[in-house]
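Before I ask anything, here is the structure I am working with.
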């Protein structure tokens, strides 16, 4: 049974998606999704235990040996991402119970969970696969389901956001396909381990260069790497709350993992970072992303949109760690992948709570919130401090690791940019604090609430009614994620172990 | 180079036409058409990779020794399915945009959103 775990990791959510469609009731679909989420988490924990000592699991799909068959590959470089996916899936299941009920029309809830299962399948598949073409297929599965999920947002603007993401995302996916095709054309194989073996013989071939560039740009679109980030703010801010949580926490991170996998284990450090200036390119765009993302976030009028722009900056920070191509850089990147996922998950979860309680996530509607909803707002502030990187939050731990990696590599300019980006984070988090605690509550009269409701009702009648009480499951999810973000700041042994293990596998060197 | 690899140039041209259509048109349906042209060009690129000089189609027949490489065809079968799924999701969203906004022009739809915001 345990030898089948790598396959089950992907197959269970895939079957779950079919089950959700077949089930007749929305509640049944939720139960099924919860089972799938818990199963994914259990599987990833079991796999983590198996590879903890540095073992590598190679699973032959359908019994066909690689390179002819598709191979699933589990090692310490991807169990960190698997664990993260499992945790976020469980959170999404708990949180979604009430959130989805309110935000999505009842007749669509079954399909919503089916799409969520498919999204999970795709993301898990990208992470476990050891086959380049298979990775493209899983990438498209996750993308297609996320387009559908974003389109279910309550405002009609969600449809436009989903469509824009579809167009840009498909171009990105197709770029990846071109890159994989070019690599195939010179090596004749699609298996990642096999590619890594055969590529050194053809280094310098222009097709290899083309493959690296196309894969980098294709995945850059998926990870919303500045300046390929145009789809992200709309997609994150218009999607239903649960989808925002999943996409913001793990959607872009999986693409970053995929890039690290291609760069370090398939093409190798020599080809990507020594022969080609991909490392320098990443450092430049990563720095620009840190500045631009954080700067634009300061001017947003909507909480979710602000968080989305902040994500663009944080993605820049993560890829900067990857771009250093040192063991400590990659380790810092992984650490920030984990910590940022938890922090952003907490913030988007809080945004979902606000949406249900206030009927809107605009900063104006949050005026005086510190007095009306002190617990939720407290969570927002704590997670916000994590975004800035104030000790003892998780954000501090990973920014510290990244700063140390930058110093080790003598990248003082980028270090300065990172600090500037953190200062900008202080501005946008400060704005939220200012609005919530120091601004007088907006005159929250019934009329304004009603007219606001009608405006949304125009696009999607009767979807959103403002709730009096926050459901326990939703509040619990926010509290759990915020608590974990503080815990990882105080005791970073679990995430840094995972990150160091991943860096050791990817860069081959001894991690600190 | 140009004479022997002319298929790549044609495919490259098709890809650019597709991308240009995606970027230049505000009409959502035309964007999808451009996207399809772009994807099909990439599919053809893959299939042309599988061609072997003097190779026959990869169906085992007596008296033939050289076959084209069948694997890219199989891969593209999967990619075509992905492409069809993308197009259908895209068209479905475009239909819902038409229902919600009464237009499939991106600029008009955005303008209507902006007008809504002004009215609030």
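Could you list, in sequence order, all residues of region A:151-166 that are more than 9 Å from chain B (Cβ to nearest Cβ) and crowded, with 23+ Cβ neighbours inside 10 Å?
A:152, A:153, A:158, A:161, A:165
Look at region A:203-233 and say how many of its residues are assigned to a helix (DSSP H, G or I) and either in contact with a helix residue (DSSP H, G or I) (Cβ under 7 Å, 6 or more places away or on another chain) or without any contact (Cβ under 8 Å) to a residue 40 or more places away in the chain (or both).
16
Separate question: Taking residue B:34, is it in contact with a helix residue (DSSP H, G or I) (Cβ under 7 Å, 6 or more places away or on another chain), over 30 Å from residue A:188 (Cβ atoms) and either surrounded by fewer than 16 Cβ atoms within 10 Å (Cβ to Cβ) or in contact (Cβ under 8 Å) with a residue 40 or more places away in the chain (or both)?
No.
Separate question: When region A:40-55 is examined, which residues are found to be surrounded by 18 or more Cβ atoms within 10 Å (Cβ to Cβ) and either free of Cβ contacts under 8 Å to residues at least 12 places away in the same chain or under 22 Å from the mean Cα position of the chain (by Cα) (or both)?
Result: A:40, A:41, A:43, A:44, A:47, A:48.
Do you know which of the residues in region A:284-332 that are in a helix (DSSP H, G or I) and without any contact (Cβ under 8 Å) to a residue 40 or more places away in the chain is surrounded by the fewest Cβ atoms within 10 Å (Cβ to Cβ)?
Across region A:284-332, the extreme among qualifying residues is A:284.
Something else about it: So which of A:189, A:209 is under 30 Å from residue B:50 (Cα atoms), at pLDDT below 90, surrounded by fewer than 24 Cβ atoms within 10 Å (Cβ to Cβ) and within 10 Å of chain B (Cβ to nearest Cβ)?
When all the criteria are applied, what remains is A:189.
Next question, about the same structure. Tell me whether region B:83-93 contains one or more residues that are more than 8 Å from chain A (Cβ to nearest Cβ), over 17 Å from residue A:167 (Cβ atoms) and either within 20 Å of the chain's Cα centre (by Cα) or part of a helix (DSSP H, G or I) (or both).
No.
Hey, among the residues in region B:10-31 that are facing chain A (nearest Cβ under 8 Å) and farther than 27 Å from residue A:185 by Cβ, which one's surrounded by the most Cβ atoms within 10 Å (Cβ to Cβ)?
B:28
Related question: Give me the helices (runs of 4 or more DSSP H) completely within region A:336-411, filtered to those with at least 2 residues that are surrounded by fewer than 23 Cβ atoms within 10 Å (Cβ to Cβ) and without any contact (Cβ under 8 Å) to a residue 12 or more places away in the chain, ordered by residue number.
A:374-388, A:394-408
So, in region A:270-283, of the ones that are loosely packed, with under 14 Cβ neighbours inside 10 Å and in a helix (DSSP H, G or I), which residue ends up modelled with the highest pLDDT?
A:280
Confirm whether residue B:46 is within 30 Å of residue B:93 (Cα to Cα), buried (at least 18 other Cβ atoms within 10 Å of the Cβ), at pLDDT below 90 and at the interface with another protein chain (Cβ under 9 Å from one of its Cβ atoms).
yes
Taking the options A:93, A:114, name whichever one is more than 29 Å from residue A:55 (Cα to Cα) and either in contact with a strand residue (DSSP E or B) (Cβ under 8 Å, 6 or more places away or on another chain) or more than 14 Å from every other protein chain (Cβ to nearest Cβ) (or both).
Matching residue, one of A:93, A:114: A:93.
Something else about it: So which residues in region A:11-38 are part of a helix (DSSP H, G or I) and surrounded by fewer than 18 Cβ atoms within 10 Å (Cβ to Cβ), if there are any at all?
A:11, A:15, A:18, A:21, A:22, A:27, A:28, A:31, A:35, A:38
Identify all residues within region A:117-133 that are over 19 Å from residue A:250 (Cβ atoms) and within 12 Å of chain B (Cβ to nearest Cβ); write none if there are none.
If the condition is that a residue be over 19 Å from residue A:250 (Cβ atoms) and within 12 Å of chain B (Cβ to nearest Cβ), then A:131, A:132, A:133 are the ones that fit.
The values are calculated or read from the model by the stated rules, or taken from the named source; none is laboratory data. For clarity, every value in this text was computed on a predicted model and none was experimentally measured. Cβ sites come from the backbone with ideal geometry, for glycine too, and all protein chains shown count toward neighbours.
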